[in-house]
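Asks: Okay, here's the structure, questions in a sec.
The values are calculated or read from the model by the stated rules, or taken from the named source; none is laboratory data. Worth saying up front: this structure is predicted, and the values here are computed from it rather than measured. Cβ atoms come from the backbone with ideal geometry, glycine included; neighbour counts cover every protein chain shown.
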Amino acid sequence: MERRFYLNFTFEDWSQWVISHNYPSFIAKQIFEWILKGVNDPFKFTNIPKDLKEKLYIFFDWDLPKIDTRLESQDKSTKYLLKLNDGKLIEMVLMPSLDRVTLCISSQVGCRMNCSFCQTGKMGLLRNLSFGEILSQILIANNELQNRKVTNIVFMGMGEPLDNFDELVKALKVMTSLDGLNLSKHKVTVSTSGLVPEIEALGKEVAVSLAISFHTPFDDERSSMMPINRKYPLEMLKNALLKYPIQTRHGITLEYVMIKDKNDSLKHAKALVKFAHGLKVKVNLIPLNPHPGTAMEPALEENLKAFQNYLETRSISAPVRYSRGQDVSAACGQLAIKRKEELHADPRLLWRQRRSEERV
Ligand code: SF4
C-alpha cells in the first residue's frame with residue numbers, strides 16, 4: 001500500500017477520511033490542528049484514540065523534507081536546501097527581522113520559464129511541488145525558529161508559482177484560512193513572471209498580494225530577458241493587473257533588478273512611469289546579485305539613485321532592496337546548482353544521492 005504524504009490532505013480530505021473510518025467528524029479538526037502546529041508524529045496527538053493513531057501511522061507518510069544544507073548569512077538570513085522525499089532538492093530562505101519573520105519558498109523543482117538572469121531557469125522544470133510540499137517549507141521553518149513563527153510568505157524561491165496553479169491555490173487557501181495557518185492575505189505574496197490568465201484566475205480564487213518580476217518596460221528587451229513576455233506582452237500584463245484585487249497599501253509590486261547598461265537608464269525610468277499610469281504599484285529596485293556564469297553586473301550607484309529619484313518625483317514609491325543572504329548564494333537556484341555540482345565532483349556523494357532517489 002502506498003502511504004500518502006500527510007500534508008497533501010486538506011481539512012476536507014481529513015473530514016472525509018475520519019468519517020470513512022468510522023470516527024466522529026470533529027476528530028478531523030484535532031488532527032489538522034496538530035499538523036499545523038508542526039507535529040508530524042500521530043503518536044503525539046494526545047487527544048485522539050489510540051487505535052486511530054496506529055491507523056494514521058500506517059496509512060500516511062509522516063516524513064517532512066529533510067534539511068540537506070543550512071547556510072547562515074551575516075545579515076541573519078538563513079538559506080536552506082531541502083531534500084524532498086524523492087531526493088530532489090529545493091531552496092527556501094528564512095529572513096527574520098525585528099517585527100516580522102519572512103520566509104521565501106519554492107513552488108517547483110526548477111522552472112521552465114528560462115529567464116536569462118536566473119539560475120533556476122537554467123535547470124529547466126524537473127517537477128511541480130505538491131501543495132503539501134509547498135506547506136512543508138513553512139512547518140520546517142517554524143520548527144527552526146525558537147519562540148517565533150513565520151509571519152510573511154513570499155513565493156520567490158525556485159519555480160514559477162502560477163505555472164503550478166492548482167497546487168498553489170490549495171496551499172494558499174490553507175495559509176490564509178481561519179482554520180488553517182490564518183495568515184493575512186496581504187502578508188502572502190505570489191511573485192510571477194507574468195502568466196496573464198493565471199493572474200486573473202488567482203484574483204478570483206484567493207487574491208493574495210502580487211509581485212511581478214518586471215525588469216524592463218520595453219517588450220523587445222523583456223522578451224529577450226523573459227521569454228514568457230512573447231506570449232503575454234506588457235499590454236496584456238497591464239490589463240490583467242488593472243483587474244487584480246489590491247491587497248496592500250502600496251498595491252502591486254513590480255520587481256526591477258537593476259542591471260548595468262541594460263535596464264538602468266532614464267529612458268527606462270520614463271517608460272516604466274508610463275506603464276504604471278493608472279495602476280497602483282510600488283517598484284522594488286534590486287541591484288543585480290551577480291552569480292557565476294553571467295557577464296551581467298549590478299547597476300552603478302549613481303544610475304540607481306537617478307532612476308529611483310525619477311520614479312519617486314512621479315509619486316511612485318521605489319525603495320532599493322538589497323537581496324539578503326548574498327554571502328550564502330541566496331539568489332534562487334544558486335545553492336541547488338552548487339550542490340548538484342558538488343555531487344558530480346564526488347562520485348560517492350552522487351551514488352548516495354541516486355540511491356536515495358531510487359528508494360522512493
Ligand atoms: S525568475 Fe522565476 S520565473 Fe524566471 S526562470 Fe527564475 S524561477 Fe523561473
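Asks: Pairs only if they're at least six apart or on different chains, beta carbon under 8 angstrom, first in segment 108-122 and under 14 Å from H215 (Cα atoms) and touching a residue at least 40 places away in the same chain (Cβ under 8 Å), second of a type in the set (S, T, N, Q) and within 6 Å of the ligand (Cβ to nearest atom); list them, first residue then second.
Replies: C115/S193; C115/S213
Asks: Could you please let me know if L126 is within 16 Å of the ligand (Cβ to nearest atom), assigned by TED's automatic domain parsing to the domain that holds N182 and not in a helix (DSSP H, G or I)? Break it down stepwise before answering.
Replies: On the way: within 16 Å of the ligand (Cβ to nearest atom): yes; assigned by TED's automatic domain parsing to the domain that holds N182: yes; not in a helix (DSSP H, G or I): yes.
It is true that L126 is within 16 Å of the ligand (Cβ to nearest atom), assigned by TED's automatic domain parsing to the domain that holds N182 and not in a helix (DSSP H, G or I).
Asks: Separate question: Taking segment 137-163 as the search range and keeping residues that are of a type in the set (G, A, S) and closer than 14 Å to M95 by Cβ, which one is farthest from the ligand (Cβ to nearest atom)? Reasoning before the result, please.
Replies: At the first step, the residues of segment 137-163 found to be of a type in the set (G, A, S) are 141, 157, 159.
With closer than 14 Å to M95 by Cβ added as a condition, the list becomes 141, 157.
Working: A141: 20, G157: 8 Å.
Residue satisfying both the conditions and the ranking: A141.
Asks: Of the residues that sit in segment 95-112 and are closer than 13 Å to M156 by Cβ and not β-branched (V, I, T), which one is nearest to the ligand (Cβ to nearest atom)?
Replies: Of the residues in segment 95-112, the ones closer than 13 Å to M156 by Cβ are 95, 102-108, 111.
Applying the additional criterion that residues be not β-branched (V, I, T) yields 95, 103-104, 106-108, 111.
Details: M95: 18, L103: 17, C104: 12, S106: 9, S107: 9, Q108: 8, C111: 3 Å.
Per the stated criteria, the residue is C111.
Asks: Here's a follow-up. Exactly one of (1) part of a loop (DSSP other than H, G, I, E, B); (2) of a type outside the set (G, A, S); (3) touching a residue at least 40 places away in the same chain (Cβ under 8 Å) is unmet by L98. Its number?
Replies: With (1) part of a loop (DSSP other than H, G, I, E, B); (2) of a type outside the set (G, A, S); (3) touching a residue at least 40 places away in the same chain (Cβ under 8 Å) applied to L98, the lone miss is (3).
Asks: May I ask you to list the residues in segment 279-310 that are in contact with a helix residue (DSSP H, G or I) (Cβ under 7 Å, 6 or more places away or on another chain) and either closer than 22 Å to L210 by Cβ or without any contact (Cβ under 8 Å) to a residue 40 or more places away in the chain (or both)?
Replies: Within segment 279-310, the first condition is being in contact with a helix residue (DSSP H, G or I) (Cβ under 7 Å, 6 or more places away or on another chain), and the residues that meet it are 279, 283, 285, 287, 289, 291, 306-307, 310.
The answer is L279, V283, L285, P287.
Asks: List, please: which pairs have Cβ atoms under 6 Å, are six or more places apart or on different chains, and start with a residue in segment 78-90 that is free of Cβ contacts under 8 Å to residues at least 60 places away in the same chain and end with one that is assigned to a strand (DSSP E or B) and aliphatic (A, V, I, L, M)?
Replies: L82/I90
Asks: For C115, are the conditions met, namely being within 16 Å of the ligand (Cβ to nearest atom), touching a Pro at 6+ places or on another chain (Cβ under 9 Å) and in the same structural domain as D166 (by TED's automatic domain parsing)? Break it down stepwise before answering.
Replies: Details: within 16 Å of the ligand (Cβ to nearest atom): yes; touching a Pro at 6+ places or on another chain (Cβ under 9 Å): yes; in the same structural domain as D166 (by TED's automatic domain parsing): yes.
For C115, the condition - within 16 Å of the ligand (Cβ to nearest atom), touching a Pro at 6+ places or on another chain (Cβ under 9 Å) and in the same structural domain as D166 (by TED's automatic domain parsing) - is met.
Asks: Looking at G159, G180, which one is modelled with pLDDT under 95 and assigned to a loop (DSSP other than H, G, I, E, B)? Quick ask: steps written out before the conclusion?
Replies: On the way: G159 fails: modelled with pLDDT under 95.
Result of the check over G159, G180: G180.
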